[in-house]
Structure formats: C-alpha cells, structure tokens
Amino acid sequence: MSLPEALPSVRLFPLNEPRFGTAVSQFQVEGNVSGERHSDWDAFMEHYPDICHPDEKGPDWWSGKWKEDFDSMAQLGMTVQRMGIEWARVMPEKGKVDETAVAKYRTMITYLHELNIDPMITAFHFVLPDWVAQEGGWESSRIKQSFAYFTELLADRFGDVPYWVTVNEPMNTVAAGYFVGEWPPGKKHDLKGTIFSRRHLIQAHDICYTAIKKAIPDAFVGAANAVIWVEPHSQSLADRVLVGLDSYIYNTNFIYATQDMVDFIGMNYYTGYFLKFNPKSPGLATGENEKGAHGVVQVPFGDVITPDGLTSDLGWPIVPEFFLKALQSLHEQFNKPIVVTENGIADRSDQYRSYYLLTHLIALHEAQRRGIDIPMYIHWSTNDNQEWMDGFQSRFGLVEVNPTTGERTIRKSALLYADIAEAREIDIPRLAEEYLSPDQQEMLGQFLEGLDKRDDSWLNRY
Ligand code: BGC
C-alpha cells in the first residue's frame with residue numbers, strides 16, 4: 001500500500017468531541033400508509049406514480065420499525081440521532097393536533113434516551129401539511145403563524161430534546177420549489193415565489209429558534225444548510241466572480257441572514273464541482289451535467305464541471321478536500337461552532353462509502369487541528385430511504401433496507417464508522433488495509449500528501 005511512510009494512527013478528538021450520529025427525515029423513512037398522510041409531498045408524488053411503487057414502504061418507521069434502526073445505531077456506538085417530527089402528521093388539519101401521532105414520536109424519543117442516544121429534531125425537512133400548502137405554503141406570510149404554533153407545540157412536548165434543526169436546506173426548498181419546479185409546489189422561474197419563500201423561511205427559522213430557546217434554554221439550535229462546494233475552474237476573474245456569487249446565493253446567503261440567531265452553523269455537505277464562466281449556459285436548473293451527474297445545480301452563466309475521479313451512484317464527485325475547504329470557509333465567515341448535520345454518499349453496493357467516510361473524517365480531523373470547532377458529525381443516512389424524486393433508487397444508508405420487505409442489513413462501511421466512533425481515533429493504516437481497495441489506498445495516500453502540503457496543488461488530481 002502506498003500510504004505516506006510515517007503516518008501514525010491519527011488520534012482523533014482528545015476531548016469528548018465530536019459526537020457521532022446519523023440522520024433521517026420523517027417523510028423519507030415513515031412509509032406510505034394510505035389515508036394517514038396529509039402532506040404536500042404525498043400529493044405531489046401522486047403525479048409521479050413510477051417513482052415509488054405502492055408496495056415500497058421502505059424503512060416503514062410508522063409501523064414501528066424505527067426500533068430496529070435505533071438498536072442498530074446504538075450497537076454501532078452512535079450518540080446522536082437526527083430525525084423529524086412530521087408537521088403533517090401531528091397537525092393533519094388546521095387547528096387540530098393528532099395526539100396519537102404525538103404519542104408515537106414521544107415513544108421514539110424516549111427510547112433514544114434509553115439507548116443513551118441524544119435526539120436531534122428537525123422541525124421542517126421539505127414537507128408541509130396539505131392545509132398549509134393550500135394556504136400558500138412558504139410563499140404566503142400566513143405560514144409564520146402556523147409554523148409558530150407547530151414549533152411551540154414541539155418545544156412544549158419535547159422539552160427533553162437537546163439538539164434542534166429549525167429548517168433543513170432552506171435554499172433547496174426555495175430553488176427546487178419555486179425556480180426549478182421539481183419539488184412542491186412545482187413552480188418554475190417564479191420570481192415572486194422565490195423571493196417570498198426565502199423571506200418566510202428566514203422568519204420561520206427565527207420563530208422556531210425563539211420558541212425552542214424560550215422553552216429549553218440549554219438547547220443547541222441551528223439550521224441545516226446545504227453547502228455544495230464550488231471551485232473556480234481557472235483563476236480568471238470571470239470564474240472567480242461566478243464562484244463567489246454562486247456560493248453566496250446557494251450556500252451562505254441564508255446563513256448570513258440568520259447568523260445572529262443560531263447556536264451553531266449546520267452544514268449538509270455531500271460534494272463539489274468546478275465552475276466555469278459561460279455566458280451561453282442555460283441557467284439555473286437541475287439535471288445532468290456532461291458526466292452524467294444527476295441533481296447538479298446548474299448556474300446561470302456557468303458550466304458545472306465534474307472533477308475527475310470517483311463519483312457516487314448519483315454521479316456526485318467524491319472530493320474530501322472540498323469538505324475541508326467548506327468547513328474552513330464557514331469558519332472564516334461566521335466563526336461559530338459547525339455541526340455537520342449531513343454528510344454521505346449514494347452507494348448501493350457500498351464500494352466507496354468506506355473511502356468516503358474515512359477521507360471525510362480525516363478532513364474533519366484536519367479542520368479541528370486547524371482550530372475549527374466541530375462538536376458533532378452526523379452521517380446521512382441511518383438507513384436506505386425514500387430519496388425524494390429518486391424514490392428508493394439512491395441508497396445512502398449505513399443500513400441497507402429492502403424497500404419492499406423492509407429487511408435490514410448493516411453495511412460493512414458502517415463498521416468502519418463504528419470503529420472510529422468507538423476508538424475516538426482514526427487508525428489510518430489498519431482501516432485502509434481492512435476497508436479500502438488497493439486503488440483507494442493509493443488515492444488515500446495522495447489525499448494525505450495533499451493535506452500535509454496545505455496548498456492547493458492537490459487540485460491537479462481532479
Ligand atoms: C437532504 C436529504 C437528502 C440528502 C441526499 C439532503 O439534500 O436533506 O433529505 O436525502 O440530501 O440527497
């Protein structure tokens with residue numbers, strides 16, 4: 001193996017940090033139990049009957065299978081579980097609270113405590129109750145009052161939850177719902193919707209933050225922001241300006257708007273790209289880029305270029321250096337603790353997940369060594385689940401789930417994660433030997449050499 005010679009096992013995090021955990025969102029794991037769900041996403045999916053077959057219930061938490069997944073996470077040594085409380089379930093109609101649904105969530109949270117796993121609750125993860133959507137959803141200011149009611153209810157009933165995410169990837173809700181039109185409410189190039197949904201999501205964050213802190217003063221609360229790292233394709237002024245604009249609009253504008261009302265900056269990081277100025281580019285849309293990367297956000301006046309090297313099942317490039325850059329950049333801009341609220345890979349056959357985990361955790365360690373405060377790392381995802389418009393095609397889980405039978409199998413990469421979480425150190429040579437292919441060991445060596453140099457010469461590898 002060609003790892004650099006004197007690489008000792010890297011001792012990770014001498015203190016009690018970070019906490020290691022995994023994440024899901026409720027819509028993605030609960031399964032379609034007909035007649036019981038009342039959300040905009042359920043209604044939207046009806047237009048796409050091919051995406052989820054009626055037999056596919058996935059992890060099917062609503063029928064009680066959450067327990068098996070929580071037990072597996074405890075076995076793997078996880079100490080944080082990020083999940084949601086689905087607004088559409090606990091308030092299926094305006095002014096009505098479904099106490100049976102609340103009680104189900106209560107049981108889940110209590111069980112997590114019993115396993116010594118701290119719950120982290122997400123209040124909004126892309127899904128609205130139907131009645132809220134019909135009142136205009138994020139576009140309408142009426143949502144503020146409804147969301148305030150819901151978040152006060154959460155704070156009141158789940159006062160034993162220490163970690164909270166107010167809104168998940170707000171700029172994806174805005175872009176995919178009102179500009180690209182791929183998600184509810186399916187509006188395209190709707191400038192008014194784009195502007196107002198963003199504004200109301202910022203206000204919703206503040207409302208939720210205030211409600212939680214009032215009821216649970218010690219709670220640790222933030223939003224989970226999608227960060228897709230973009231790197232200029234060349235050092236030309238045009239490429240650099242484009243990157244600056246794109247990363248402000250997509251990655252950080254919401255953080256700037258909410259930074260005075262957060263205890264941490266939540267970052268959902270998966271991947272990154274090079275951007276090249278091109279006045280003829282078709283504009284903002286999701287779709288496929290020249291190398292087949294699916295779900296790529298295209299940028300007005302820019303070509304999105306996939307770095308060379310490994311990619312996930314969705315064609316998303318695996319570039320751990322970008323993860324380090326993203327951590328560094330958020331630290332420099334906001335100087336607050338950063339919680340990695342999501343990080344992971346679609347990898348059905350589990351051929352790259354160990355490499356992804358190992359390199360990203362080494363990058364995280366390097367960030368900590370450089371003085372960045374990262375109290376928590378949360379891997380996406382606990383289990384294979386419903387990947388929005390991709391249905392059960394994309395498999396992000398540490399636990400594999402057969403979407404029809406619900407049968408679970410713990411993936412090998414989950415054991416690597418458990419090893420690091422338990423040992424609280426990254427024994428690079430041993431883990432590389434045990435979990436990586438010879439090619440991946442070679443790439444790991446190059447990655448480590450690049451980290452040592454601390455400059456951008458590694459960019460040439462991509
Ligand atoms: C979302 C998750 C999603 C994951 C993988 C994030 O955008 O918060 O709901 O499953 O990324 O695409």
When you scan the stretch 249-264, do you find a residue that is away from the ligand (no atom under 15 Å from the Cβ) and assigned to a strand (DSSP E or B), even just one?
no
Selected residue (criterion: farthest from the ligand (Cβ to nearest atom)) from residues of the stretch 20-70 that are at pLDDT below 90 and of a type in the set (S, T, N, Q):
S34
Quick check: is even one residue across the stretch 32-42 surrounded by 18 or more Cβ atoms within 10 Å (Cβ to Cβ), assigned to a loop (DSSP other than H, G, I, E, B) and among the polar types (S, T, N, Q)?
yes
Residue that is nearest to V132 (Cα to Cα), among those in the stretch 174-200 that are within 16 Å of the ligand (Cβ to nearest atom) and in contact with a Phe, Trp or Tyr (Cβ under 6 Å, 6 or more places away or on another chain)
P184
Do any strands (runs of 3 or more DSSP E) entirely within the stretch 348-438 hold 3 or more residues that are over 21 Å from W316 (Cβ atoms) and at pLDDT 95 or above, and if so, which?
408-410
Taking the criterion of being on the phi > 0 side of the Ramachandran plot and in contact (Cβ under 8 Å) with a residue 12 or more places away in the chain, would at least one residue in the stretch 153-171 satisfy it?
yes
Qualifying residue in the stretch 142-165 (condition: closer than 29 Å to V299 by Cα, within 16 Å of the ligand (Cβ to nearest atom) and of a type in the set (A, V, I, L, M, F, W, C))
yes
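Residues are listed down the side, and each one gets a yes or a no for (1) farther than 30 Å from M73 by Cβ; (2) within 23 Å of the chain's Cα centre (by Cα):
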| position | (1), (2) |
| --- | --- |
| K96 | yes, no |
| A133 | yes, no |
| N168 | no, yes |
| T194 | yes, yes |
Which numbered condition L154 fails, given (1) more than 21 Å from D40 (Cα to Cα); (2) part of a helix (DSSP H, G or I):
(1)
Just one of E400, E387, E422 is within 15 Å of the ligand (Cβ to nearest atom), more than 23 Å from F447 (Cα to Cα) and touching a residue at least 12 places away in the same chain (Cβ under 8 Å); which is it?
E387
First in the stretch 264-275 and on the phi > 0 side of the Ramachandran plot and modelled with pLDDT of 95 or more, second anywhere and more than 15 Å from the ligand (Cβ to nearest atom) and not basic (K, R), Cβ under 9 Å, 6 or more apart
none
Do we find that D60 is touching a residue at least 40 places away in the same chain (Cβ under 8 Å), closer than 20 Å to P403 by Cα and surrounded by fewer than 23 Cβ atoms within 10 Å (Cβ to Cβ) in this structure?
yes
For the stretch 210-238, which residues satisfy the criterion of being more than 16 Å from the ligand (Cβ to nearest atom), buried (at least 23 other Cβ atoms within 10 Å of the Cβ) and more than 23 Å from P307 (Cα to Cα)?
A211, I212, V221
Top-ranked residue in the stretch 313-346 [being within 16 Å of the ligand (Cβ to nearest atom) and free of Cβ contacts under 8 Å to residues at least 60 places away in the same chain; ranked as nearest to V80 (Cα to Cα)]:
A346
Which residues, counting only those in the stretch 136-148, are of a type outside the set (S, T, N, Q) and surrounded by fewer than 16 Cβ atoms within 10 Å (Cβ to Cβ)?
R142, K144
All-but-one check, I121 against (1) among the hydrophobic types (A, V, I, L, M, F, W, C); (2) at pLDDT 95 or above; (3) within 19 Å of I255 (Cβ to Cβ), failing number (3)
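The values are calculated or read from the model by the stated rules, or taken from the named source; none is laboratory data. All values derive from a computational prediction rather than experimental measurement. Because the Cβ atoms are built from the backbone with ideal geometry, glycine has one as well, and the counts that use them run over all protein chains shown.
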